[in-house]
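Each value in this text was obtained by applying a stated rule to the coordinates, not by laboratory testing. What you are looking at is a predicted structure, and each value in this text was computed from that prediction instead of being measured. We place every Cβ from the backbone using ideal geometry, glycine too, and count neighbours over all the protein chains shown.
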Number of protein chains: 2
Amino acid sequence: MTSLRNVAIVGGATTKFGMRPATWSELCQEAGASLFRAVPNLDAGEVDSLFVGAAEPERFAFQSHVAPMAAELLGIRPTRIIQRTELACASGQSAIRSAYAAIAAGLSDVAVAVGVEKMNLPSMAEANTAMACVLDRAWDGVHGATAPPFFAMVAQRHMLEYGTTEAQMAAVSEKNHRFANANPTAQFHEKSFDRAKLARLPMIAPPLRLGDCSSMTDGAAAVVLVAEEKTRKYTDTPAWVRGTGQYSDFHNLANAGSLTDWGGLRLAGREAMRRAGIKPADLDFAEIHDCFSISEIVEYEALGFCAKGEGGRFAEEGRSDLGGQVVVNPRGGLLGCGHPLGATGVAQAVEVYQQFAQEVAPARQVPDPAWALVHNLSGSANVHSVMVYQRGG
Amino acid sequence: MTSLRNVAIVGGATTKFGMRPATWSELCQEAGASLFRAVPNLDAGEVDSLFVGAAEPERFAFQSHVAPMAAELLGIRPTRIIQRTELACASGQSAIRSAYAAIAAGLSDVAVAVGVEKMNLPSMAEANTAMACVLDRAWDGVHGATAPPFFAMVAQRHMLEYGTTEAQMAAVSEKNHRFANANPTAQFHEKSFDRAKLARLPMIAPPLRLGDCSSMTDGAAAVVLVAEEKTRKYTDTPAWVRGTGQYSDFHNLANAGSLTDWGGLRLAGREAMRRAGIKPADLDFAEIHDCFSISEIVEYEALGFCAKGEGGRFAEEGRSDLGGQVVVNPRGGLLGCGHPLGATGVAQAVEVYQQFAQEVAPARQVPDPAWALVHNLSGSANVHSVMVYQRGG
């Protein structure tokens, strides 16, 4: 009987996120080239497995079977496991979780997880149509239920139940855009992104204005995960995978429970922290899924950073900022970086590695971090995916 | 340090395959209901993880994020892992491999893998367009490279290099259709499917006639995998996962090597058998990917059932039939059962379980089987996926 092995991320890289004049393949190749530059001791011939996180290449890029395409573009020939994982907006973290399980189980020694999405198309009507099938198209999509109106309902309800304000939501967006200004790969570098400017931006779905929404973004990111005995070859600061949790609640919106109490995240977060042996207070920072400003507020509550209903104040009082209780989204979040679906979860993991290695710009560097949590939601917040990392070295 | 755990399939079920007046969701639900009937001691509340193998629901069913949809349709709420796996025609086996890795690593105890594909659409032009993006669309699809012409080139080359005949290819199709006649879930039940009839069927891509080709099929299948200590609750004949191997060679056809020497399958097969500690001669039967009759012939050679170039004779002499050296595709194969992409790999695993349990019709029951191999290829045979199972009990 072999023993279960510890697994760590030993390096990663992210393309520039944005409206990129580049194809799906070009973004993938760019992330791969950046990965091999970022991890100079990584030899393509050592990579035995490849996990590709991509939400909808079939519709955005009219290409299926993207895993071998990515292998070819990265110049690797997987000899153990190759697959694409899909979980809509959490497809990237799914790729990382699969790599983790494969290495822990002894099926892989050196695995790459790459997340890619090309969302800006010549016809944005085509892109928006693709987004409409992330929710249950036959039951909900046909009634106009896409992400912005769904999360607008969450915001309206949170304001009604807890007195959350537009200014509190703007505080989330302002913080994340400020961090994005210090992240060269972020989509948005808005020097004057303050709350007053946010309040003047167009209304998308009341009460969510443009600045409360993440965007349709092109981008890719890649990380390499290895078994414990191999980490030293690649890095002095491995990011150990210590816990994972997921919860799937419902799909059809008719089966949803409370809009403001994301019980699935509470359970997934608890499971991931239980496996890691930590409590929320042990976390130094968290990369969580701010697809909309209200999402981050609800997530503070579900992850136990604050009490239910206190999320708005938590943001407003700077408790999720540098110097606060737990730094949230120092990468710039989905609001500041953009949200190329399959790439987001991998880019969050790149941030964890780089924060642990203390490689990021001072304006967003968490001081001496030891523990980090990463969260993705997908669909109508009906599925929650969480991982917990510990700095090694 | 926890120890790696043994994993077994403890039950499974397949919907009727064919041109089904049913949606993607209805096929998924039907497979789930059949699974819970087939494994009466399985309680929905025990299933902690769900892996959904689906190739192209985004194009065939205009639905993404299908994993939580499947969870809802099956009546389960995954608390550990939920994801869809995609590897085109091997998406189903990818779901099973992911479940295996998750359980072996201690991340899951009871996992369901379900494979679903709905391929017959009101507009078959739409369906064929979807199939055109399985190969590299920008490089190869635009030149008309889809599966039938690609495998026709393989057949032409195999005939040229080794003297393989149309009659030998027909022998594969005849055998698999005969087995399909004894499988109630198969798409085709052709009572008079002999070689003479095959030779009169329409030519699809020379030398492949209609009977040499698997079909566009609707169907779904589901299996449940559990950790070693849980098997006895569900079955007396667990199908133990003993080995796995994959190999990804190329994507763009310009980078392909020999059309008739599937080196990737040779390597993936060796890896899976090495992990299982067996040789090809130890196998009692094999479910391998006969998307076209020529595929099965090339696969005999790559898996080491016979020497290179001998595959045609191997079929013609009945060495892959009941009473032969190794029984190949007793389920009826893709030729006889149809090929609903994501469902095929899971249905093959259902067959392994049922053969081990000696539950199938006498006309296709392998006598007292102990070892089985399952193979899927995907794309232009550029990726090969293999698993090896041992009967327990």
Taking the alpha-carbon centroid of each part, what is the distance from the stretch B:14-83 to the stretch A:321-358 in angstrom? 33 Å
What Kirkwood radius, in Å to one decimal, follows from the Cα pairs of the stretch B:6-66? 13.4 Å
Spatially proximal lysines relative to B:LYS308 (Cα-Cα < 19 Å; intrachain offsets below 8 disregarded): B:LYS279
What whole-number value in cubic angstrom gives the convex hull volume per residue for the C-alpha atoms of the stretch B:1-132? 104 Å³
Per the Kirkwood treatment, what hydrodynamic radius in Å, one decimal, follows for chain B from the mean inverse distance over all distinct Cα pairs? 20.5 Å
Just to be sure I understand: if I project the alpha-carbon convex hull of the stretch B:139-275 onto a plane and average over all orientations, what area do I get in nm²? 11.9 nm²
If I fit a long axis through the Cα atoms of helix A:166-181 and take the longest principal axis of the Cα atoms of chain A, what angle between them do I get, 0 to 90°, rounded to 10? 30 degrees
For chain A, what relative contact order do you get, as a whole percent, if you take Cα pairs closer than 8 Å and at least 6 residues apart? 26 percent
Magnitude of the Cβ-charge dipole (Lys and Arg +1, Asp and Glu -1) of the stretch B:67-142 about the Cα centre, nearest 20 debye, reported as 240 debye
Under 12 Å from the Cβ of A:PHE314, count the other residues' Cβ atoms, weight Lys and Arg +1, Asp and Glu -1, and hand me the total. -3
Cα convex hull volume per residue for the stretch A:93-148 (Å³): 115 Å³
With everything on Cα atoms, drop me the angle between helix A:341-356 and the longest principal axis of chain A, reported from 0 to 90° to the nearest 10. 70 degrees
Rg/Rh ratio calculated on Cα atoms of the stretch B:141-220 (Kirkwood radius): 1.00
Out of all Cα-Cα pairs in the stretch B:232-358, roughly what percent, to the nearest whole number, are more than 27 Å apart? 18 percent
Rounded to the nearest Å, the spacing of the alpha-carbon centers of the stretch B:274-295 and the stretch B:125-201 is 19 Å
Nearest-first distances (nm) between copies at A:ALA357, label 7 Å from Cα via Cβ: 5.0
So, over other residues within a Cβ distance under 10 Å of B:ASN6, counting Lys, Arg +1 and Asp, Glu -1, the net charge is 0
Hull-based mean projected area of the stretch B:116-169, where the convex hull spans the alpha carbons, in square nanometres: 5.5 nm²
For the stretch B:212-306, what mean projected area does the convex hull of the alpha carbons give, in nm²? 8.6 nm²
List, in the order given, every pair from B:LYS16/B:LYS230; A:LYS16/A:LYS118; B:LYS118/B:LYS191; B:LYS16/B:LYS118; B:LYS175/B:LYS197; A:LYS118/B:LYS118 whose Cα-Cα distance in the structure shown is over 19 Å. B:LYS16/B:LYS230; B:LYS118/B:LYS191; A:LYS118/B:LYS118
Chain B - share of DSSP beta bridges that are antiparallel (%, nearest 5): 70 percent
Alpha carbons only, please: Rg and Dmax for the stretch A:48-126, in angstrom. 13.1, 45
Bin by bin, in steps of 10 Å, what percent of the Cα pairs in the protein assembly as shown do you find, going until the bin that has the longest distance? 3, 15, 26, 26, 17, 8, 3, 1, 0
Dipole of the stretch A:260-376, Cα-centred, from +1 at each Lys and Arg C-beta and -1 at each Asp and Glu C-beta, to the nearest 20 debye? 300 debye
quick note, the protein assembly as shown, DSSP beta bridge pairs, % antiparallel (nearest 5) is 70 percent
extent check for the stretch B:66-173: Cα max minus min per principal axis, descending, whole Å, gives 54, 34, 27
How big is the dipole moment of the protein assembly as shown about its Cα centre under a simple scheme where the beta carbon of each Lys and Arg is +1, that of each Asp and Glu is -1, and everything else is neutral? Debye, nearest 20, please. 460 debye
Label distances, nm, B:ARG232 versus same residue in remaining copies, Cβ-directed 7 Å point: 4.4
Measuring nothing but label to label, 7 Å from Cα along Cα→Cβ, what are B:LYS197's distances to the other copies in nm, shortest first? 7.3
Sort A:LEU303, A:LEU87 so the one with the fewest other Cβ atoms within 10 Å of its own Cβ comes first. A:LEU303, A:LEU87
So what is the 222 nm mean residue ellipticity for chain B from helices alone, if each DSSP H run of at least 4 adds -39500 (n - 2.57) and you divide by all residues, rounding to the nearest 500 deg cm²/dmol? -11000 deg cm²/dmol
With Cβ to Cβ distances under 12 Å as the rule, what net charge do the other residues near B:ALA276 carry (K, R +1; D, E -1)? +3
Roughly what angle does helix A:24-38 make with the longest principal axis of chain A, taking Cα atoms, 0 to 90 degrees, to the nearest 10? 60 degrees
Counting pairwise Cα distances across the stretch B:295-393, what percent come out greater than 18 angstrom? 49 percent
